[in-house]
Amino acid sequence: MKKIIPLPTPVLRALRKLGQDINDARRRRRVTIELMAERAGLSRATIGKIEKGDPTASMGGYAAVLFVLGMDKQLSDLVDGAHDFIGRRLEDEKLPQRVRRPWAKKRNDHE
């Protein structure tokens, strides 16, 4: 039985697009599924899942395929702080006016 993962529709669409993009990149490089599987250390079935954007395929599988395609740099920059505009805006709003050293807890030696 296929494991169903309840993911939001936009996430499923993004995974399908990622899978199709991986498929296109592999074919542009004239790499067969068999060769991709061998180089990535995965089965042909797993490559098929990845190229369909199956959410049950592991993150490591996606990473291995991107490495074989020479696209692993994009993976490492995926959530880089330089691209996290919302997170940086939220962080900037809550920056303290002053940073102080935390107080050291006093030990009570009389207990």
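Per-residue answers, yes or no, for (1) touching a residue at least 24 places away in the same chain (Cβ under 8 Å); (2) of a type in the set (S, T, N, Q):
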| site | (1), (2) |
| --- | --- |
| Pro6 | no, no |
| Thr9 | no, yes |
| Leu18 | yes, no |
| Ala37 | no, no |
| Gly41 | no, no |
| Ile47 | no, no |
| Ile50 | yes, no |
| Pro55 | yes, no |
| Gly60 | no, no |
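Residue count for segment 21-75 satisfying the condition of being more than 18 Å from the chain's Cα centre (by Cα) and more than 26 Å from Leu7 (Cα to Cα): 15.
Counting only helices (runs of 4 or more DSSP H) that sit wholly inside segment 9-111, those with at least 2 residues that are of a type in the set (Lys, Arg), at pLDDT 95 or above and surrounded by 11 or more Cβ atoms within 10 Å (Cβ to Cβ) are 9-28, 44-52. Taking first residues from segment 70-89 that are without any contact (Cβ under 8 Å) to a residue 24 or more places away in the chain and under 26 Å from Arg39 (Cβ atoms) and partners that are charged (D, E, K, R) and surrounded by 10 or more Cβ atoms within 10 Å (Cβ to Cβ), the Cβ contacts under 9 Å between residues at least 6 apart in sequence or on separate chains come to Gly70/Arg29.
Does Arg44 satisfy being more than 22 Å from Pro10 (Cβ to Cβ) and in contact with an Asp or Glu (Cβ under 7 Å, 6 or more places away or on another chain)? In short, yes.
The values are calculated or read from the model by the stated rules, or taken from the named source; none is laboratory data. What you see is a predicted model, and the numbers here were worked out from it, not measured in a lab. A quick note on method: Cβ atoms are made from the backbone with ideal geometry, for glycine too, and the neighbour counts reach across all protein chains shown.
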